[in-house]
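The values are calculated or read from the model by the stated rules, or taken from the named source; none is laboratory data. All values derive from a computational prediction rather than experimental measurement. Using ideal geometry, Cβ is built from the backbone for each residue, glycine included, and neighbour counts are taken over all protein chains shown. Note: areas computed on protein heavy atoms with side chains; ligands, DNA, RNA excluded. Shrake-Rupley method; radii C 1.70, N 1.55, O 1.52, S 1.80 Å.
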Amino acid sequence: MTFSERLYLPQVIGGMFRTLKHLTKNLFNIKGLPTISYPEVKRVYSERFRGRHILTSREDGTTRCVACYMCSTACPAECITIEAGEDQRTREKFPVRYDIDLLRCVFCGYCVDACPEDAIYMTRDYEMAIDTRARAVVGLRDLVVPPNFPVGPMGWRPYYGAIEKHGTAGGTGIGQPLRTAPYEDDAPPNPDLYRGA
Amino acid sequence: MPVQKIDTPNSIIPRKAGVAPGEGPEKGLITLPGEAARDTGDDLGGATYLTTKLDQVVNWARGNSLWPLPFGTACCAIEFMSMVSSHYDISRFGAEVVRFSPRQADLMIVAGTIVDKIAPVLKTIYDQMPEPKYVIAMGACATSGGFYRAYHVVQGIDEIVPVDMWVPGCPPTPDGLMYAILKLKEKIERGEIRRG
Amino acid sequence: MSTLTKLSAIPYTGPAPTNRNVYTPTEAPAADARGEAILAALNLSALTQERGQDLPTFIVDRAEIINVLRALHDHASLQFTLPLELFAVDYPNREQRFDVVYQLYSLANNERVRLKVRLADGETLATSSGVYQAYDWFEREIFDMFGIRFDGHPNLRRILTHENFQGHALRKDYDPAQRWLLTDAGIATIHPKIAPQFVQEEEDSDFERVTLNLGPSHPATHGTLRIVTTLDGETIVGADCEIGYLHRCFEKMSETHTYQQVIPYTDRLNYCSAIINNVGYCMTVEKMLGVTAPERAQHVRLILSEFYRISDHIICIGTNLVDMGALTNFWWLFQPREEIIALAESCSGARLLPSYLRIGGLAVDVPSDFLANAQRIVNMLPRYIDDVEALVMKNRIFRDRVEGVGVISREDAINFGFTGPCLRATGVPFDVRKSNPYLGYETYDWDVPVAEGGDTFARFLVRFEEMRQSLRILQQAIDRGLPPGPVMVDNPYVALPPKAKVYNEMESLIYHFKLIMHGIQPPVGEAYFQVEGGNGEVGFYIVSDGTKHPYRVRARPPCFPIFEAYSKMITGQTIPDAIAALGSLNIIAGELDR
């Protein structure tokens, strides 16, 4: 240690100065403060954010899920429970029951990667706190969204390639660059769809 | 709804102006069960007026001075640190006084996996907290064991202590946890949680 | 008894689809040749060489293990002085069902060696904690997990699981979900052994000796460490550490999940630098599969690894200074960390634990503004680091608290199996990125920071300088730009086909189904691969039996031997010194207890 370092005071005062410098700089630059005044101001997470799940719908309003059990197989937390049924008219499989235990879920996005039908997406919704454990198990009623569900709140969804089969509803479109800026088409989702049962 | 972009020259983190809780589309989210039937206290007679008002004042005070005890064991504790630090800054809600002594804390935030070996410790610390006390289970492991369906992991801390708020996520974002604290605060101020 | 329902593995009742090919590492010829040379140099009859492995491998007679270890340690030219690994693998169908595996590293020759001892159930093994002090705890872990006893071990009791635990969890016949409850009565009382230099002094002392328990719920122990100290006045005369308060059964869970599903688990080992664990695990499996991630993916892996290394050091320095009462640095340091996390979130969608890597590449390509954002963070970081350094590094209040505190000598550090910044703080320039380069670290211009002294201050110096060196690597990586091309290998047995193909082509859909249902199946064999984590060498040892589940995944925890030496480091010092030293070691419970 040098002599001035030995003396305690010069370094202590120097440190004080540095802290004061930050304080005054921030006092005159309130807008540049790093603090996000949640909930008045919200941080915009990226378009890939892995939040709460949704099940997308076809144009006619039926759910795209065909109950193939791929998501529940790929899930490391085993938090997805599916029961398959058969549509008597179209002979097509569909989920009679589709439950996600949000408390078990680790939000790894493997279900989205595993889905061959473009049916399960994740949203940018992170405000999920619940006051009863039973409400954490969300079923079809909470998960299925209508076909016109806006793109804005959507998060992690298939990016391995463009979504051609189903059009761009919910997809990013071919060759369209990903956005990290705040989204303008920020139509809020229907709160009823988001509310736990 | 027009979105106001906020320029952040020194940061890569985008942000936007939201709306105050209970004003915008989040209203549906924050609404708690039983809210419609909530007794507003307007129809009470003069004799109970004072005590009701006193209750309200006490609840208001309790809701605005939640001193957290972070029972942080794992990854969620790092996100708890993020919530306390400057970017999210929980002190705006009177909850910045992080107390590691259970005797001085109101709110236990269980952040991280609770395994069988530490379960008696959690119970002891919960017992040592003075009433009124509240518990937030943060993250998949604390709430349900998460993807550790394993021989040494407690499958949800409600095996050991009562829980007031569950926060899904692995780990939840700091704002997700903040949302839980705000929701708990609202609940306390309404007098829906009565302890002590 | 627990009431947990049994929900362990994914129920798959059909015939197990298996890959019957045998794994032959590309390094095998070189390793075999080197093995022969080592065999000739040692001239011991107890060794048999096992060929076709990725490291020089020997099978050692049970009775001779101590002699062999001592010979390797003391040999004039070989100098295998650094103990890296000691673990076991259970093969219940074999007559000698256990493999106890030792892995040693030679700092002088930059080479590794693997020793295997085969044991039947009930057979014991002599303790090697006399040769390598690090193996004390490693042997306790093997006893805890497999029930193998070590003769002559000073303190052979359970280490990770609790006192009421029955059975040995990593044996193949143990049910992964079988829990045992710990009651208050079951908690053992720990009496720390008094260090030899203080044994005589008891009569002379003016104070009555008291036992002080720190943790597991204590602000300075970060939630999950327990230190029992015996105090003579203010001096610590004996200390004992208890771990296992975050034993999340990573290794057992890996055995019940598929190779891809293990990636989120590896995130949660060292949760401060999750990406680095992902890199280590994915590269081990890629090594077994014989695939290499595309250049673009490797470049992104390197950039994110370095960012997460900085984030790891930021958390270590920030919380360590908070423990010592300097709160301002914590606020200052966490702001750039938030930016780093925002960058990872824009790639992967999750903040702290990205699970961004996949075996064979990345989950998805990076966003278009990735490099621009990375450059902005690289530009802003030095300012924060300088601020903190200027506040504390010349301040005598801080210097007095850290200089000469928590000292470990170079010999002890090597003997205890230290790696990473803690070893470099004792003057040993061992860094996996230099000694066994991966991801192209050898093509970058950077230095390994080394400090002398081995005290808390030296560890601070190393961590600060390492952040600067990481920034140097990052600047070069950003200047080179991202190589064009895919981020995932073009191999339908490893990578999921592009979604557009899955929706439209039958063949891709079949591959997609097959990969999800049957998983990745590496060839039968074993492999070890190491990367430089935030705390030291993070290695993964994977045994594959050709099915979709790993037969055994062993993660080398760098914290484990470091924390083992902690009680030795603080003996003779005071409690505040112990707190300052503990923070500087950066013990991350997630990888300590796994």
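Based on this model, can you work out whether residue C:229 counts as away from chain B (no Cβ under 12 Å), touching a Leu at 6+ places or on another chain (Cβ under 7 Å), polar (S, T, N, Q) and in a strand (DSSP E or B)? Answer is yes for this residue.
A single entry from C:34, C:114, C:20, C:97 fulfils the requirement of being basic (Lys, Arg) and under 25 Å from the mean Cα position of the chain (by Cα): C:114.
Could you list, in sequence order, all residues of segment A:22-40 that are within 19 Å of residue B:82 (Cβ to Cβ) and either among the aromatic types (Phe, Trp, Tyr) or in contact (Cβ under 8 Å) with a residue 24 or more places away in the chain (or both)? Hit for segment A:22-40 is A:38, nothing else.
Exactly one residue out of C:259, C:271, C:281 is within 11 Å of chain B (Cβ to nearest Cβ), surrounded by 22 or more Cβ atoms within 10 Å (Cβ to Cβ), closer than 30 Å to residue C:176 by Cα and touching a residue at least 60 places away in the same chain (Cβ under 8 Å): that is C:271. Being crowded, with 21+ Cβ neighbours inside 10 Å, of a type in the set (D, E, K, R), touching a residue at least 40 places away in the same chain (Cβ under 8 Å) and in contact with a Phe, Trp or Tyr (Cβ under 8 Å, 6 or more places away or on another chain) is true of residue A:118.
Contact map, segment C:510-528: residues that are facing chain A (nearest Cβ under 9 Å) paired with residues that are of a type in the set (Ser, Thr, Tyr) and not in a loop (DSSP other than H, G, I, E, B), Cβ distance under 7 Å, separation 6+ or inter-chain. Pairs shown: C:516/A:73; C:517/A:73.
Looking across segment C:132-149, the residues that are over 20 Å from the mean Cα position of the chain (by Cα) and either open to solvent by 10 Å² or more (accessible area, probe 1.4 Å) or not assigned by TED's automatic domain parsing to the domain that holds residue C:71 (or both) come down to C:147, C:149. Checking the stated criteria, residue C:325 turns out not to satisfy the condition of being in a helix (DSSP H, G or I) and not polar (S, T, N, Q).
One residue stands out among those in segment C:334-391 that are among the basic types (Lys, Arg) and within 30 Å of residue C:516 (Cα to Cα): the one that is surrounded by the fewest Cβ atoms within 10 Å (Cβ to Cβ), which is C:351.
Filtering segment C:449-469 to residues that are outside any helix (DSSP H, G or I) and among the β-branched types (Val, Ile, Thr) leaves only C:450.
Yes or no, residue by residue, for (1) at pLDDT below 50; (2) of a type in the set (A, V, I, L, M); (3) open to solvent by less than 30 Å² (accessible area, probe 1.4 Å); (4) under 22 Å from residue A:66 (Cα atoms):
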| site | (1), (2), (3), (4) |
| --- | --- |
| A:130 | no, yes, yes, no |
| A:141 | no, no, no, yes |
| A:147 | no, no, no, yes |
| A:154 | no, yes, yes, yes |
| A:161 | yes, no, yes, yes |
| A:173 | yes, no, yes, no |
| A:178 | yes, yes, no, no |
| A:187 | yes, yes, no, no |
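So that you can scan it fast, the table gives a plain yes or no per residue for (1) open to solvent by 20 Å² or more (accessible area, probe 1.4 Å); (2) part of a loop (DSSP other than H, G, I, E, B); (3) of a type in the set (S, T, N, Q):
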| residue | (1), (2), (3) |
| --- | --- |
| C:486 | yes, yes, no |
| C:497 | no, yes, no |
| C:507 | yes, no, no |
| C:510 | yes, no, no |
| C:529 | yes, no, no |
| C:534 | no, yes, no |
| C:538 | no, no, no |
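Among the residues of segment B:79-94 satisfying the criterion of being surrounded by 20 or more Cβ atoms within 10 Å (Cβ to Cβ) and out of contact with any helix residue (DSSP H, G or I) (no Cβ under 6 Å at 6 or more places or on another chain), which is nearest to the other protein chains (Cβ to nearest Cβ)? Within segment B:79-94, the match that is nearest to the other protein chains (Cβ to nearest Cβ) is B:89.
Hey, any hits in segment A:91-109 for a residue that's farther than 30 Å from residue B:144 by Cβ and at pLDDT below 80? Among the residues of segment A:91-109, at least one is farther than 30 Å from residue B:144 by Cβ and at pLDDT below 80, which makes the answer yes.
Being surrounded by 15 or more Cβ atoms within 10 Å (Cβ to Cβ) and either within 14 Å of chain B (Cβ to nearest Cβ) or within 21 Å of residue C:400 (Cα to Cα) (or both) is a condition met by no residue of segment A:24-31.
Check segment C:334-353 and report whether any residue there is of a type in the set (Asp, Glu), outside any helix (DSSP H, G or I), at the interface with chain A (Cβ under 9 Å from one of its Cβ atoms) and free of Cβ contacts under 8 Å to residues at least 24 places away in the same chain.
Our first condition is that a residue be of a type in the set (Asp, Glu); within segment C:334-353, this holds for C:338-339, C:345.
Adding the requirement that they be outside any helix (DSSP H, G or I) leaves none.
No, segment C:334-353 contains no residue that is of a type in the set (Asp, Glu), outside any helix (DSSP H, G or I), at the interface with chain A (Cβ under 9 Å from one of its Cβ atoms) and free of Cβ contacts under 8 Å to residues at least 24 places away in the same chain.
Answer yes or no as to whether residue C:215 is touching a Phe, Trp or Tyr at 6+ places or on another chain (Cβ under 9 Å), assigned by TED's automatic domain parsing to the domain that holds residue C:89 and open to solvent by less than 60 Å² (accessible area, probe 1.4 Å). It is false that residue C:215 is touching a Phe, Trp or Tyr at 6+ places or on another chain (Cβ under 9 Å), assigned by TED's automatic domain parsing to the domain that holds residue C:89 and open to solvent by less than 60 Å² (accessible area, probe 1.4 Å). Considered as a group, the residues in segment C:134-181 that are over 24 Å from residue C:255 (Cβ atoms) and part of a loop (DSSP other than H, G, I, E, B) include one that is farthest from the other protein chains (Cβ to nearest Cβ), and that residue is C:152.
Of the residues that sit in segment C:529-539 and are within 19 Å of residue C:358 (Cα to Cα) and of a type in the set (Gly, Ala, Ser), which one is farthest from the other protein chains (Cβ to nearest Cβ)? For segment C:529-539, the residue satisfying everything is C:539. Among all residues of segment C:313-321, there is none that is of a type in the set (Gly, Ala, Ser) and within 14 Å of chain A (Cβ to nearest Cβ). When the residues of segment C:154-199 are filtered to those that are over 18 Å from residue B:154 (Cβ atoms), β-branched (Val, Ile, Thr) and surrounded by 11 or more Cβ atoms within 10 Å (Cβ to Cβ), which remaining residue is modelled with the highest pLDDT? So, considering only residues that are over 18 Å from residue B:154 (Cβ atoms), β-branched (Val, Ile, Thr) and surrounded by 11 or more Cβ atoms within 10 Å (Cβ to Cβ), the one modelled with the highest pLDDT is C:159.
With respect to residue C:262, is the statement that it is touching a Ser or Thr at 6+ places or on another chain (Cβ under 8 Å) and in the same structural domain as residue C:523 (by TED's automatic domain parsing) true? Criteria met by residue C:262.
Given the criteria open to solvent by 30 Å² or more (accessible area, probe 1.4 Å) and either within 8 Å of another protein chain (Cβ to nearest Cβ) or hydrophobic (A, V, I, L, M, F, W, C) (or both), does residue B:74 qualify?
When the stated conditions are applied, residue B:74 does not pass them.
Any residue in segment C:314-321 that is on the phi < 0 side of the Ramachandran plot and assigned to a loop (DSSP other than H, G, I, E, B)? No: segment C:314-321 contains no residue that is on the phi < 0 side of the Ramachandran plot and assigned to a loop (DSSP other than H, G, I, E, B).
Residues of segment C:559-576 being assigned to a loop (DSSP other than H, G, I, E, B) and at pLDDT 90 or above, which ones? The one that is assigned to a loop (DSSP other than H, G, I, E, B) and at pLDDT 90 or above: C:565.
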